[in-house]
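Peer 1: Take this structure first; my questions come after.
The values are calculated or read from the model by the stated rules, or taken from the named source; none is laboratory data. Everything quoted here is computed from the prediction, not taken from an experiment. FYI the Cβ positions are ideal-geometry reconstructions off the backbone, even for glycines, and counts take in every protein chain you see. Accessible surface areas use protein heavy atoms only, side chains included; no ligands, DNA or RNA. Shrake-Rupley method; radii C 1.70, N 1.55, O 1.52, S 1.80 Å.
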Amino acid sequence: MYDYLNDTHYFAIVGLIWKEMTAIIKKKRIMLLLIAMLFAFGSAVQAAPSKNPPQIRVLLDGKPIQFQAAPVMKNGVTFVQFKPLFQALGYNVDWNSAAKQVTGTLADQELRMKLGSTIAYVNGQKTKLETPPYANAGNTLVPLRFVAESTGLPVKWDAKTRTIKIDRKTVTDLVSIQIKKLYAGQAAALSKGDYKGALAAVHPKSPTRKSHEQSYEEMSSGKSKVSAYVYNVTVAGTSVIATVANTFERTGGAFNWDYTLYKEVLLKKDAAGAWKEYDNGIFDMEYHLPDGLLDAKPEVPEAERTAMMNILQTHYNGINQEDTRLLFSVIAPESPYKKIIDDWLQSGVFKELDFNIHSDSSSIVLYQNDEAVIYTEETDDADGDMYSSSALYWLKKQNGSWLIFDMLEVTE
């Protein structure tokens with residue numbers, strides 16, 4: 001066996017190897033220390049909280065609502081300035097400084113909240129808030145989700161982008177489809193003379209239900225093609241408001257003008273959850289001339305033609321002579337034209353103006369049973385001024401005499 005202990009060359013080699021290994025170990029320790037420090041620094045950077053988190057954004061159908069004061073998250077509830085929020089949702093705003101109360105109204109909807117109170121009122125019904133409205137730096141802040149959902153709109157919170165999304169369009173589009181279907185069905189029923197079916201579109205508790213029944217009864221003597229155009233649909237909490245244009249085109253039966261009726265309607269759900277018309281307000285009426293009416297030449301007995309033309313001339317004489325008794329002698333009682341003349345006279349027109357109306361040309365364009373329509377081109381040249389116009393006079397025969405029932409000015 002070889003004697004390593006007495007071999008000096010062997011110990012020299014071992015010493016060199018140990019020295020190299022020691023250097024390598026030291027280098028590894030330094031590298032490990034550096035890596036540990038980098039990890040520690042990185043963790044510290046990641047753990048450091050952001051001093052300025054992104055501001056909460058509020059989007060209505062993808063468009064930001066502008067607030068003068070930034071939205072605030074408090075106890076998990078987002079608060080925003082009440083006025084910009086209510087106005088963006090279409091609500092009228094009222095602030096009672098004495099009561100420290102904010103109120104938003106739209107149609108028949110009302111939302112009331114009071115600073116510092118967890119009690120709010122939606123259409124008079126008491127409801128509990130998680131956190132009360134409060135004032136901050138002169139701004140009144142209200143809980144956004146409560147307001148939006150009370151107005152019938154869903155709210156979503158995107159935590160990643162700190163964005164609150166109010167979706168009015170989806171709700172409105174869905175309701176619009178339902179409302180358009182309701183009025184299309186009503187128009188179809190009216191066109192068929194199915195007045196019971198048409199009444200099904202009216203809410204059972206509607207204050208106008210009786211007036212609908214009366215108008216449908218009056219329509220029963222004639223036939224009309226009815227159409228409906230629905231627009232400006234707005235969801236307002238438990239109600240919907242919309243504009244409806246109903247066009248009536250006579251197709252037979254008793255005579256009537258063709259016209260379009262414009263009305264603002266308020267709809268509510270019935271017991272089955274279906275939207276029904278609850279109330280309405282007519283704001284405009286537009287008359288239409290049926291194609292070919294002015295060129296029509298019906299067969300009219302000469303005696304009847306003479307009697308009708310005499311009525312028209314007596315009408316002119318009553319106006320020109322400012323003789324109300326003569327004028328009303330040729331106007332049907334309880335007629336639309338009597339109301340027109342009553343309003344005209346009450347305005348003091350005879351005290352302010354002189355008249356010399358006469359017909360340049362007249363022709364009977366409709367004659368059926370006890371109804372007729374006369375188309376006339378008129379001139380008024382009182383006081384030297386010349387004024388020309390065209391009109392349709394609707395006459396009805398009552399107790400053997402022709403009387404003016406209504407009049408419609410003809411414009412191009």
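Peer 1: List pairs: first in the range 82-99 and open to solvent by less than 80 Å² (accessible area, probe 1.4 Å), second among the hydroxyl-bearing types (Ser, Thr, Tyr), Cβ under 8 Å, 6+ apart or cross-chain?
Peer 2: Filtered contacts from the range 82-99: 82/140; 89/151; 90/234; 91/105; 91/151; 93/103; 96/103.
Peer 1: Please go through the range 213-241 and pick out each residue that is farther than 29 Å from residue 171 by Cα, of a type outside the set (Gly, Ala, Ser) and open to solvent by less than 50 Å² (accessible area, probe 1.4 Å). Step through it out loud before you land on a result.
Peer 2: Of all residues in the range 213-241, those farther than 29 Å from residue 171 by Cα come to 213-225.
Restricting the remaining residues to those that are of a type outside the set (Gly, Ala, Ser) gives 213-214, 216-219, 223, 225.
216, 219 - these are the residues of the range 213-241 that are farther than 29 Å from residue 171 by Cα, of a type outside the set (Gly, Ala, Ser) and open to solvent by less than 50 Å² (accessible area, probe 1.4 Å).
Peer 1: Sticking with this structure for a sec: Residue 284 is checked against (1) open to solvent by 60 Å² or more (accessible area, probe 1.4 Å); (2) farther than 26 Å from residue 366 by Cβ; (3) within 23 Å of the chain's Cα centre (by Cα) and fails just one. What number does that condition carry?
Peer 2: The single condition residue 284 does not satisfy is (2).
Peer 1: For the range 242-262, name all the residues that are part of a loop (DSSP other than H, G, I, E, B) and either at pLDDT 95 or above or open to solvent by less than 40 Å² (accessible area, probe 1.4 Å) (or both).
Peer 2: 254, 255, 257
Peer 1: Restricting to the range 147-184, give me the number of residues that are assigned to a helix (DSSP H, G or I) and under 21 Å from residue 55 (Cβ atoms).
Peer 2: Counting residues in the range 147-184 that are assigned to a helix (DSSP H, G or I) and under 21 Å from residue 55 (Cβ atoms) gives 2.
Peer 1: I'm checking my understanding of the structure. Among residues of the range 340-372 that are modelled with pLDDT of 90 or more and in a helix (DSSP H, G or I), which one is surrounded by the most Cβ atoms within 10 Å (Cβ to Cβ)?
Peer 2: That would be 341.
Peer 1: Could I ask something else about it? For the range 66-75, which positions are in contact (Cβ under 8 Å) with a residue 40 or more places away in the chain and open to solvent by less than 80 Å² (accessible area, probe 1.4 Å)? Walk me through it before giving the result.
Peer 2: Residues of the range 66-75 in contact (Cβ under 8 Å) with a residue 40 or more places away in the chain: 68-69, 71-72, 74-75.
Result: 69, 71, 72, 74.
Peer 1: Any residue in the range 174-193 that is surrounded by fewer than 18 Cβ atoms within 10 Å (Cβ to Cβ) sitting within a Cβ distance under 8 Å of a residue that is of a type in the set (Lys, Arg) and not in a helix (DSSP H, G or I)? List the pairs, counting only those 6 or more apart or interchain.
Peer 2: 191/225; 193/223
Yes/no matrix, rows are residues, columns are (1) closer than 23 Å to residue 203 by Cβ; (2) open to solvent by 40 Å² or more (accessible area, probe 1.4 Å):
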site	(1), (2)
264	yes, yes
277	yes, no
288	no, yes
294	no, yes
300	no, no
303	no, yes
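Peer 1: Go through the range 211-246 and give me each residue that's in contact (Cβ under 8 Å) with a residue 40 or more places away in the chain and among the polar types (S, T, N, Q).
Peer 2: 227, 234, 238, 239, 246, listed by residue number.
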